[in-house]
Every structure is written in C-alpha cells, then in structure tokens.
Amino acid sequence: MKIIDLFCGAGGLSLGFAQEGFTPVKAIDIDSAAVETYNRNIRKVAECGDILKVALEDLPDVDGIIGGPPCQSFSIAGRRIKEIVNEEDRLIRKYFSREEVANKDPRSNLSIVFAKIIEQKRPDWFVMENVDGLLNLSIRNLLEYLFKKAGYFLEGPFILNAVHYGVPQYRKRLFFIGFRDERKSILFPAPLSRSEWKTVRQALPSYEYEWYYRHPRTYGRRAVYSVNEPSPTIRTVNRPMPPNYKRHPRDAPYIEGQVRALTSEERAILQSFPPNFFFPVDSKTEKEKLIGDAVPPKLARVVARSLKNVL
C-alpha cells in the first residue's frame, strides 16, 4: 500500500509503516536535515518544502496519508491557515476567534492544514500523530469535525504509551485514525505489563554506569535516573551534566563521577531507532532535535500493524 508522510521529520513514523509493508512514495518536511536523514534511511522520496505552499496536484494519489503536524505559533502559520480553511464553518470561526488563538500561542494549527489535505486528497485512510496534550485542547473538537465533515469515520483519538509496546521510554503519543466511507474497529495489542517494560540497561547493555543525566526543563526538576527502568521522554535538548550540579531530592541516588548525559546515538536507540540508522548532520543540536521530535519507530510499527489488520 502506498503512503504519503506529511511533516515526516527524520522518518520514525514512516520507518514503522515501512517495516509492516507500507511503501512511502512521497514525504515532506520543512527541515532540510530531516529530509536528508529520511532519504538516507527510509526511501529517497522526501522533499524539503513548506506544507502551506505545496500544491495538491503535486501529491500523488495513494492509499493512505500519515503525518505528525508540529505545534506552531499562530503568528507564523495562522494567517495562511485561515486562508486555506473555509471560515464559513461555524466551528472554524469559533476556534479562530478564541483569545488564546488570536493573541497567544495556540498549538497545533498545522493540524488543520493536515485535515484539509485529507479532505481534498481523499485517501482511503489516514493516521495523524500528535502530542497527547492535544486531547484536552479546543482544537480536538475542530479536528474531529473536519475529519467527519470530509466523510471519514474516526477511530480514536488513541493515546498510546511507547513503554507499553517495547520501547525503553515513557512517551505518550496521540493518534487519530480515519477511514473513508466505512467504519473499521482498530484493535491494538495488549500493553506489556510493568515487569515486561524494557529498561535503559536492556537497551544499552554496554553503558558503563548505573545512572545517567537528562537535562531538566528547569532545575526544580530531577535530572538523574537509574538505568534499571525505562527512560523518561526523550526531548530535543541534550546537555552535559553541569560540574556544579546540585542534587535534586528526587534524583536516583548516584555516586559522584559515575553519571553522564547520554550520547545522541544512545538516545536514538532509546527512541527505538535501529543501530544502523544514520543521522547525516554535523550539528549536535540539529541531531538531538531530529531524535527528540521523532515518533518511536517501534510504536509506529504497532500502529501500522494494527491498521493493516483491518484493511
């Protein structure tokens, strides 16, 4: 089955689908480093471009469209999105009139663009991935309305935790799955029990210490973790442990000098990228961003397999 991957990033979502026999024939991302990484590891079908400027006729007809629209500031994307959507729709007018959308940083506006592409290209099915927090935002109702208005039967949204499916990391992701013209029931495998969760030690058996440093969002949060449990969510920021780091009460009890930050390669493995997956970028910051933004391929494969079972 042929697919398009919108907002493809480094290709975590596509990789999981390709492993289940789906064939990406086009992928788009605005980040040139992501496109280069995708073409190096998945298939040479990714193009660098702004999804707001992509002509529909340049998108091939496919069986399904997948993608993970990023969150983006209204000041960047909102005006163009308002030109694309049909503002005569009551819910769209209501959404864009909200104060937090008009004046602040609403999240997930590009999700609306994804929904409109689905409406216009009309694939047999689609999968949209996003942060689990989208479930509680006003845009969820709008997206459900747009997908249903386009003629799709929705399954979900589902929130899946990667640790439940063999990824050595706590990472919740939200998935909208839609089918054109026919309702189908998606069944995911039973989540692994806690005793079956994969740990950092199991994923990184050659790691030399019992603890590692994960740079916190603020220094009011813990930063040192044990390798004998799954990793917290891999983020886009990865910095060395400061030499003057002060222990946090919730840090795993560690021995001074026996803890360090994980390397980019180690973090990619915790995201379930295969060891031979190559990130052809020189900038460490860019590499960490590609890794932290990705959908864990192993989680993507679970979604792809569950979808394939009902197609």
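We did not get these values from a lab; they are worked out from the coordinates using the rules stated. All of these numbers come straight from a predicted model, not from anything done at the bench. Backbone-built Cβ (ideal geometry, glycine too); neighbour counts: all protein chains shown.
Going by Cα centres, the range 37-55 and the range 146-219 are how many Å apart?
Each part's Cα centre sits 24 Å from the other's.
Would you kindly derive the ³J(HN,Hα) couplings of the range 229-244 from the backbone phi angles with the Karplus curve 6.51 cos²θ - 1.76 cosθ + 1.60 (θ = phi - 60°), listing them in order in whole Hz, with x for Gly and Pro?
8, x, 6, x, 4, 6, 9, 7, 10, 9, 10, x, 6, x, x, 9
For the range 229-311, what is the relative contact order in percent, using Cα pairs closer than 8 Å and at least 6 residues apart in sequence?
Once divided by the residue count of the range 229-311, the mean separation gives 41 percent.
Once you've got the GNM for the chain with C-alpha springs shorter than 10 Å, pick whichever of Glu288, Glu208, Glu265 has the biggest mean-square fluctuation.
Glu208
Take the residue pairs Lys44/Lys116; Lys121/Lys308; Lys246/Lys289; Lys121/Lys149; Lys26/Lys184 and return only those whose Cα atoms are more than 23 Å apart.
Lys44/Lys116; Lys246/Lys289; Lys26/Lys184
Considering only Phe273, Ser193, Asn141, whose Cα is most displaced toward the positive end of the charge dipole of the chain, charges sitting on Cβ of Lys, Arg (+1) and Asp, Glu (-1)?
Checked the options; the winner is Ser193.
From the Cα trace of the chain, what convex hull volume per residue do you get, rounded to a whole Å³? Don't skip to the end; give the middle numbers.
On the way: hull volume 43.8 nm³, N = 311.
It is 141 Å³ per residue.
So which aspartates and glutamates pass the test for Lys172, namely a Cα distance under 12 Å, with those fewer than 8 places away in the same chain ruled out?
Within the straight-line limit of under 12 Å, Lys172 reaches these aspartates and glutamates: Glu129, Asp132.
For Tyr145, Tyr213, Tyr219, which order do you get if you count the other beta carbons within 10 Å of each Cβ and list the fewest first?
The order, fewest Cβ neighbours first, is Tyr219, Tyr145, Tyr213.
Could you work out the helix-only [θ] at 222 nm for the chain, with each DSSP H run of four or more residues adding -39,500 (n - 2.57) and the total divided by the number of residues, to the nearest 500 deg cm²/dmol? Working shown, then result.
Values: 11 runs with 99 residues, N = 311.
Roughly -9000 deg cm²/dmol at 222 nm, from the helical runs in the chain.
Placing +1 at every Lys and Arg Cβ and -1 at every Asp and Glu Cβ, with all other atoms neutral, what dipole size does the range 164-240 have around its Cα centre, in debye to the nearest 20?
Dipole about the Cα centre, nearest 20: 400 debye.
Out of Gly64, Gly166, Gly220, any idea which swings most in a Gaussian network model of the chain, alpha carbons joined below 10 Å?
Gly220
Defining a contact as two alpha carbons under 8 Å apart and six or more residues distant in sequence, what relative contact order in percent does the range 140-292 show?
Computed value for the range 140-292: 22 percent relative contact order.
Might you report the magnitude of the Cβ-based charge dipole of the chain about its Cα centre, with Lys and Arg at +1 and Asp and Glu at -1, to the nearest 20 debye?
Using Cβ point charges on Lys, Arg, Asp and Glu, the chain gives about 780 debye.
Please work out how much length the chain gains when fully extended from Ala261 to Lys121, using 0.36 nm per residue of separation minus the C-alpha to C-alpha distance, in nm with one decimal. Don't skip to the end; give the middle numbers.
Values: separation 140, 0.36 × 140 = 50.40 nm, distance 4.43 nm.
Length gained between Ala261 and Lys121: 46.0 nm.
Hey, fewest Cβ within 10 Å first, where do Leu290, Leu142 land in order?
Placing the least packed residue first, the sequence is Leu142, Leu290.
Can you tell me the length gained on complete extension of the stretch Asp50 to Val25, counting 0.36 nm per residue apart and subtracting the Cα distance?
The span from Asp50 to Val25 would gain 7.2 nm if fully extended.
Using a Gaussian network model of the chain with C-alpha springs under 10 Å, which one of Pro296, Pro230, Pro242 is most mobile by mean-square fluctuation?
Pro242
Counting only residues 5 or more places away or on other chains, whose amide H sits under 5 Å from the amide H of Phe7 once H atoms are built in the peptide plane?
Ile28
Using the 10 angstrom Cβ neighbour count as an exposure proxy, how do Glu256, Glu182, Glu47 rank, fewest first?
Glu256, Glu182, Glu47
Between Phe278 and Ser193, what is the FRET efficiency for a Förster distance of 41 Å, r being their Cβ-Cβ separation, to the nearest 0.05?
Calculated value: 0.75.
Using θ = phi - 60° and the Karplus relation 6.51 cos²θ - 1.76 cosθ + 1.60, list the HN-Hα couplings for the range 25-41 in order, rounded to whole Hz, with x at every Gly or Pro.
Those phi angles translate into 10, 7, 9, 9, 8, 7, 8, 5, 5, 5, 5, 4, 5, 4, 5, 6, 10 Hz.
Could you tell me which of Leu204, Ser32, Ile177 has its Cα farthest along the dipole of the chain towards the positive end, charges placed at Cβ (Lys, Arg +1; Asp, Glu -1), taken about the Cα centre?
Ranked along the dipole, the leading option is Leu204.
Restricting to the chain, compute how many DSSP beta bridges are antiparallel as a %, nearest 5. Can you show the working numbers first?
Numbers: 18 of 38 bridges.
About 45 percent, rounded to the nearest 5.
Any idea what the relative contact order of the chain is, in percent, if you count C-alpha pairs under 8 Å spaced at least 6 apart?
Details: 593 pairs, mean separation 59.6, N = 311.
Worked out over the chain, it gives 19 percent.
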